[in-house]
């Protein structure tokens with residue numbers, strides 16, 4: 001027995017190491033490969049783009065990391081992001097003019113979008129926790145609901161009207177190659193990181209992911225923690241939607257759809273386990289950069305747009321197959 | 001009888017799970033046409049032996065013979081082919097299939113025609129099989145989920161008899177693991193009739209039951225197991241309930257082992273009270289008081305309701321009637337979080353599934369129930385977590401390579417000490433210890449006993465579900481006995497006045 005446990009522990013640690021360094025080494029390899037073959041890849045304009053455009057994905061992935069930590073998943077993030085995105089722009093277009101000034105209009109638009117994210121996340125959390133619907137199914141159903149909702153609000157893309165450009169101009173502010181959006185996203189990452197590692201609730205997320213039953217018996221507020229995290233996650237999704245609106249100065253009702261896979265891929269590449277109990281906000285940042293560099297690299301090389309998704313899908317499968325934790329048996333998604 | 005050749009024999013069978021020995025070299029011999037009883041306390045190793053015979057688990061060592069030939073089944077299918085069938089304690093029917101499909105599960109080939117199963121033929125055959133055990137009022141087309149437990153049990157038995165009959169052997173061996181626990185009196189009598197019929201045809205039956213009167217009624221010979229060893233076998237005509245009780249429990253309560261010198265007289269203050277507590281279909285009218293500094297032992301066999309009482313007290317389950325009072329105040333816990341706030345915490349029975357988080361470190365596991373107490377400002381202080389872990393590792397002598405080591409790398413006994421550390425660090429003063437020494441070796445057991453004595457010396461109160469009856473009596477100040485969800489007795493267990501195990505057991509079964 002003792003021999004067996006020692007082996008188990010060592011195998012566990014070796015796997016941890018592989019996961020830990022996987023995305024890090026992938027980033028280095030990709031950067032080196034791309035900068036050798038592509039002359040302008042590390043040029044300041046591409047780098048600025050790359051760093052700025054990762055912000056929405058980073059915000060959403062960091063939210064998802066917390067959900068994956070306790071072994072659940074939220075597949076409705078992309079759709080929540082879409083609804084928030086169209087709400088934000090539609091509000092500026094329809095009611096922005098009647099506000100006293102652009103500042104107030106911006107605040108109101110932010111508030112509406114974020115409120116929606118908050119409610120969407122809370123609803124999912126309550127249905128998952130109290131009605132005991134698996135998060136996989138519950139969020140899949142919500143994905144369908146929110147996808148349609150986005151189309152009902154705006155069936156075609158809407159641009160932010162010119163007088164309201166003040167509401168989105170912050171997105172283009174930058175300090176050298178680092179843009180304000182990335183700075184904001186990184187601030188959020190740090191906040192989540194501190195929350196996960198330093199607060200009682202954050203730490204209990206690891207316990208719930210590792211063994212929910214034990215965490216419950218030990219007197220950890222399992223249900224409350226889960227609902228809170230889903231709520232924050234909804235907030236992150238809606239923030240992602242606002243960032244996308246600011247980036248494009250317009251909205252599109254299907255803008256969030258491709259993000260669902262990107263988010264899950266970023267988290268898993270960053271070391272989060274789909275069975276729960278493992279993952280960190282900082283790891284997810286690495287995962288996000290890996291995903292962003294792959295996408296940006298494919299654009300740079302000129303991979304055909306239709307082929308990009310094939311390449312990306314295959315890459316994600318391969319990456320997850322390598323880094324996936326198989327030490328815990330049982331359901332992959334609780 | 002000894003001049004006949006045995007149908008089945010097992011010699012020196014040993015089995016260990018994760019460091020603990022469930023069986024320490026037991027033997028069992030069954031002659032053709034014989035009904036053999038197997039009795040013993042929970043954890044004596046009866047079910048384990050049956051699982052080894054049927055091939056559900058491999059033995060760690062020992063040898064078995066069937067029909068005079070060496071026999072080492074790797075799967076239940078293999079055992080079936082040799083003519084051995086078993087009715088499991090937990091039912092093994094597939095509830096979303098119908099009766100006939102269950103009876104012939106895994107043996108559908110005989111009804112196959114052109115790649116399709118001839119259901120009509122199968123149903124007809126099933127009717128035959130059912131008639132064999134005198135079940136005539138059940139359609140083979142009925143879904144098992146629509147049947148009650150007693151009927152399911154009979155179908156299970158019919159299935160096993162059929163499977164062994166298919167083996168084509170003259171003499172079969174049928175293992176019944178507590179088949180009567182869900183049956184009514186009339187159904188038990190029908191079962192006994194079937195068992196006798198089976199035996200009269202030269203087949204043999206091994207019958208495991210907690211109900212000694214049944215064992216005495218139906219068997220020819222009885223084996224008594226205790227702590228993974230056989231303490232003897234005797235012809236049923238020489239046995240009596242009293243004799244069996246004595247053999248089952250032994251007489252080995254030792255004073256030092258349970259640190260009786262440290263046992264105190266509890267205080268007068270009532271810290272927890274159950275008033276007419278009930279859980280529908282499990283237990284009812286359970287009332288008791290727990291005093292300050294007292295160890296109250298709850299005794300009963302599996303299914304007596306003691307586990308559920310613990311779950312209710314720690315907030316994991318809600319009672320359907322009655323109430324719990326903690327320090328005179330009515331307590332309605334909706335989750336263990338609230339129980340912990342009222343200073344009630346359980347150390348659960350299944351350490352692996354309910355007690356520890358394997359993927360966390362030792363220090364994080366210890367801090368699991370006390371995170372709120374280790375805050376400085378809004379944040380949990382890492383220094384205080386570390387300090388707390390160091391303190392408990394030292395106090396309880398937990399063998400680990402440091403507080404950062406993952407829990408999965410500790411041995412069972414040390415993991416259990418971590419669970420205790422967590423409970424003590426929570427500063428809860430009503431502790432429910434559900435099998436606190438389960439899967440722990442003898443040395444660690446004694447340390448845990450000493451620790452429990454120290455806990456109550458601090459004025460904390462303990463409700464104890466001992467891993468063995470001996471343990472409950474040895475540690476407790478008072479014993480409450482449950483049978484089938486009803487309190488059947490109470491014993492004072494003060495030093496010098498400990499009740500005899502025989503007396504407690506007779507109220508349990």
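Figures for the structure shown
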read-out	value
Elements of type strands (runs of 3 or more DSSP E) contained in the stretch B:1-82, each with 1 or more residues being within 14 Å of another protein chain (Cβ to nearest Cβ) and without any contact (Cβ under 8 Å) to a residue 60 or more places away in the chain	B:8-17
Yes/no for residue A:262 being in contact with a helix residue (DSSP H, G or I) (Cβ under 7 Å, 6 or more places away or on another chain) and at pLDDT below 90	no
Pair list, Cβ under 6 Å, 6 or more apart: the stretch A:307-333 residue closer than 20 Å to residue A:73 by Cα, other residue part of a helix (DSSP H, G or I) and at pLDDT below 80	A:323/A:19; A:323/A:22; A:327/A:12
Output for the stretch B:414-432, where each listed residue is away from chain A (no Cβ under 11 Å), in contact (Cβ under 8 Å) with a residue 40 or more places away in the chain and within 16 Å of residue B:444 (Cβ to Cβ)	B:416, B:418, B:420, B:421
Meets criteria (outside any loop (DSSP other than H, G, I, E, B), surrounded by fewer than 23 Cβ atoms within 10 Å (Cβ to Cβ) and either within 14 Å of chain A (Cβ to nearest Cβ) or in contact with a helix residue (DSSP H, G or I) (Cβ under 9 Å, 6 or more places away or on another chain) (or both)) for residue B:272	no
Tally, over the stretch B:353-363, of residues that are more than 14 Å from residue A:217 (Cβ to Cβ) and at the interface with chain A (Cβ under 7 Å from one of its Cβ atoms)	3
Matching entry among A:136, A:110, A:91 (being free of Cβ contacts under 8 Å to residues at least 24 places away in the same chain and assigned to a helix (DSSP H, G or I))	A:91
Members of the stretch B:386-413 that are exposed (fewer than 14 other Cβ atoms within 10 Å of the Cβ) and either at positive phi or within 11 Å of chain A (Cβ to nearest Cβ) (or both)	B:397, B:399, B:401, B:402
Leading residue by the ranking (modelled with the lowest pLDDT) among those in the stretch B:248-261 that are within 24 Å of residue B:23 (Cβ to Cβ) and surrounded by fewer than 20 Cβ atoms within 10 Å (Cβ to Cβ)	B:253
Flag if residue B:481 is surrounded by fewer than 21 Cβ atoms within 10 Å (Cβ to Cβ), assigned by TED's automatic domain parsing to the domain that holds residue B:315 and not in a helix (DSSP H, G or I)	no
Hits in the stretch B:364-379 - residues which are more than 7 Å from chain A (Cβ to nearest Cβ), modelled with pLDDT of 85 or more and assigned to a loop (DSSP other than H, G, I, E, B)	B:367, B:370
Restricting the stretch A:142-162 to residues that are part of a helix (DSSP H, G or I) and in contact with a helix residue (DSSP H, G or I) (Cβ under 7 Å, 6 or more places away or on another chain), the residue that is farthest from residue A:249 (Cα to Cα)	A:142
Number of the exception - residue A:220 against (1) touching a helix residue (DSSP H, G or I) at 6+ places or on another chain (Cβ under 8 Å); (2) assigned to a helix (DSSP H, G or I); (3) within 14 Å of chain B (Cβ to nearest Cβ)	(2)
Whichever residue in the stretch B:337-350 is in a helix (DSSP H, G or I) and buried (at least 21 other Cβ atoms within 10 Å of the Cβ) and, among such residues, is nearest to the other protein chains (Cβ to nearest Cβ)	B:340
Test: residue A:272 is within 14 Å of chain B (Cβ to nearest Cβ) and either closer than 27 Å to residue A:107 by Cβ or assigned to a loop (DSSP other than H, G, I, E, B) (or both)	yes
Residue tally, condition surrounded by fewer than 19 Cβ atoms within 10 Å (Cβ to Cβ) and touching a residue at least 60 places away in the same chain (Cβ under 8 Å), over the stretch A:251-265	3
Test result for residue A:322, at pLDDT below 85, more than 14 Å from chain B (Cβ to nearest Cβ), assigned to a helix (DSSP H, G or I) and surrounded by fewer than 17 Cβ atoms within 10 Å (Cβ to Cβ)	yes
Options A:89, A:80: the member that is touching a strand residue (DSSP E or B) at 6+ places or on another chain (Cβ under 7 Å) and surrounded by 24 or more Cβ atoms within 10 Å (Cβ to Cβ)	A:89
For residue B:319: the one exception among (1) at positive phi; (2) part of a loop (DSSP other than H, G, I, E, B); (3) touching a strand residue (DSSP E or B) at 6+ places or on another chain (Cβ under 8 Å); (4) more than 14 Å from chain A (Cβ to nearest Cβ)	(1)
Some residue of the stretch A:191-200 being more than 14 Å from every other protein chain (Cβ to nearest Cβ), at pLDDT 90 or above and in contact with a strand residue (DSSP E or B) (Cβ under 9 Å, 6 or more places away or on another chain)	no
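Here is a yes/no grid of residues against (1) at pLDDT 90 or above; (2) closer than 19 Å to residue B:12 by Cβ; (3) crowded, with 23+ Cβ neighbours inside 10 Å:
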residue	(1), (2), (3)
B:37	yes, no, yes
B:40	no, yes, yes
B:53	yes, yes, yes
B:81	no, no, no
B:86	no, no, yes
B:93	no, no, no
B:103	no, no, yes
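The values are calculated or read from the model by the stated rules, or taken from the named source; none is laboratory data. Note that the coordinates shown come from a computational prediction; the quantities given were computed from them, not determined experimentally. Positions of Cβ are generated from backbone atoms using ideal geometry, with glycine treated the same way; all protein chains shown enter the neighbour counts.
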